[in-house]
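*Asks:* Got a structure for you, questions after.
The values are calculated or read from the model by the stated rules, or taken from the named source; none is laboratory data. Values in this document were obtained by computation on a predicted structure and should not be read as measured data. Neighbour counts are summed over all protein chains in view; Cβ atoms, including those assigned to glycine, are modelled from backbone coordinates with ideal geometry.
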Amino acid sequence: MIKGYTYGWGSRKGMLGTERSAASIARMAAMGCDWAALAFAVTQEKFSSTRFGFDFRFCNTDREIEACIDEMHRQGLKICLKPVLNCEDGTWRANISFPEKEFPVYDEKGRLRSYWNEWFDCYEAFILHYAEIAEYKGCEMLCIGCEMVGTEHKEQHWRHLVEEVRKVYHGPLVYNANHGTEDKAQWYDVLDYIGTSAYYPVGRAGSTAEEMLTAWEAPKKKLAALSEKYGKKVLFMEIGCRSAAECASMPWDFVHRDNPFDEDEQAKFYESALRAVWDEPWFEGFFWWDWPVFLPPEEKLGSDTGFMIAGKKTEKLLTKWYTEK
């Protein structure tokens, strides 16, 4: 069982590898975590951009990422390195897609140029860059993509990407699909795990943990079948719920900031998920979303309506599960 949490999301240049970062990691590890998904973003300008690269103003430097990896290892955590591609125009990465048109011009690899070939060339270089870091620093897992729904049908491109990554990185690989569309990709056979963002709507304001537990039966059945089809275990690469009313009905939500504070709903969502899958033979573990890079002052913990669990009932709940199970 991977007892993990996601760390690093929202970080910018100058944040990872610092004393404040180390202090936050320490509290996360104290819950009984033995893994962390170190997640960070690189961006392309628009959903339709075929090229992207490192923005030296904002992106975490390689040195900072490596320093964070060293600190996590020092604190006894195994690491899934998770580089993620985002869009600067605010479009969700799942909507990155291109026309199938090919041009009457050949590229340097002898292929007809196309939007897809150009984008995957850039994406492959992006993943290979961080695959080298994962190999060099001994990261125990690498995530090769996150919620790239609009690209998943390009099966041969993804298979080629995995083939190239395995020449550089020799640990297990996972891809982070999105909840509800996990069966869209047809190339899990070349990976080591099936990953998903498990933001399944299992409740509403006032739902009990038992009611949420019952609602987990439908997604569990689908995930069990997918695991059996490919012979791979399932990882919840993301899962969580804000401490706000109605968020169990939309656990992925980060937009509706007017929903009132409700740490009970968050705790019940966590409890239902833990009880639903902990002992399932097809299930491999959790990377909850998400632990803050910098913790706020102690007096401000436990009052926000975001995903953070520090200072809330859910922190105690997860600590009990992670340390006693």
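*Asks:* I'd like to verify a number: residues in the stretch 74-103 that are surrounded by 12 or more Cβ atoms within 10 Å (Cβ to Cβ) and of a type in the set (Gly, Ala, Ser), how many?
*Replies:* Total meeting the criteria: 2.
Okay, residues lined up against (1) closer than 16 Å to residue 237 by Cβ; (2) at pLDDT below 95; (3) in contact with a Lys or Arg (Cβ under 9 Å, 6 or more places away or on another chain); (4) exposed (fewer than 13 other Cβ atoms within 10 Å of the Cβ):
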| position | (1), (2), (3), (4) |
| --- | --- |
| 105 | no, yes, yes, yes |
| 114 | no, yes, yes, no |
| 157 | no, no, no, no |
| 168 | no, no, no, no |
| 171 | yes, no, no, no |
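*Asks:* Between residues in the stretch 85-108 that are in contact (Cβ under 8 Å) with a residue 60 or more places away in the chain and within 19 Å of residue 124 (Cβ to Cβ) and residues that are part of a helix (DSSP H, G or I) and of a type in the set (Lys, Arg), which pairs lie under 6 Å by C-beta distance while being six or more apart or on different chains?
*Replies:* Sorted first by the residue in the stretch 85-108, then by its partner, the pairs are 85/93.
Here's the yes/no breakdown for (1) within 17 Å of the chain's Cα centre (by Cα); (2) in a loop (DSSP other than H, G, I, E, B):
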{"residue": "285", "(1), (2)": "yes, no"}
{"residue": "296", "(1), (2)": "no, yes"}
{"residue": "317", "(1), (2)": "no, no"}
{"residue": "322", "(1), (2)": "no, no"}
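*Asks:* Can you pull out every residue in the stretch 277-307 that is without any contact (Cβ under 8 Å) to a residue 24 or more places away in the chain and not basic (Lys, Arg)?
*Replies:* Answer for the stretch 277-307, where residues must be without any contact (Cβ under 8 Å) to a residue 24 or more places away in the chain and not basic (Lys, Arg): 279, 281, 296, 297, 298, 299, 301.
*Asks:* Further question on the same structure: Among the helices (runs of 4 or more DSSP H) confined wholly to the stretch 148-258, which include 1 or more residues that are in contact with a strand residue (DSSP E or B) (Cβ under 9 Å, 6 or more places away or on another chain) and within 17 Å of residue 127 (Cα to Cα)?
*Replies:* Once the helices (runs of 4 or more DSSP H) in the stretch 148-258 are filtered for at least 1 residues that are in contact with a strand residue (DSSP E or B) (Cβ under 9 Å, 6 or more places away or on another chain) and within 17 Å of residue 127 (Cα to Cα), what remains is 155-168.
*Asks:* What is the number of the single condition among (1) touching a Gly at 6+ places or on another chain (Cβ under 7 Å); (2) hydroxyl-bearing (Ser, Thr, Tyr); (3) within 23 Å of residue 139 (Cα to Cα) that residue 97 does not meet?
*Replies:* Tallying (1) touching a Gly at 6+ places or on another chain (Cβ under 7 Å); (2) hydroxyl-bearing (Ser, Thr, Tyr); (3) within 23 Å of residue 139 (Cα to Cα), residue 97 fails exactly one: (3).
*Asks:* Spot the failing condition for residue 129; the list is (1) surrounded by fewer than 17 Cβ atoms within 10 Å (Cβ to Cβ); (2) not in a helix (DSSP H, G or I), and only one is missed.
*Replies:* (2)
*Asks:* Within the stretch 1-23, does at least one residue satisfy the condition of being without any contact (Cβ under 8 Å) to a residue 12 or more places away in the chain and over 18 Å from the mean Cα position of the chain (by Cα)?
*Replies:* Checked against the condition, which is being without any contact (Cβ under 8 Å) to a residue 12 or more places away in the chain and over 18 Å from the mean Cα position of the chain (by Cα), the stretch 1-23 yields at least one hit.
*Asks:* Which residues, taken from the stretch 91-103, are touching a Lys or Arg at 6+ places or on another chain (Cβ under 8 Å) and either at pLDDT 90 or above or not aromatic (Phe, Trp, Tyr) (or both)?
*Replies:* 91, 102
*Asks:* Still on this model: Are any of the residues in the stretch 205-227 within 22 Å of residue 154 (Cα to Cα) and surrounded by fewer than 16 Cβ atoms within 10 Å (Cβ to Cβ)?
*Replies:* no
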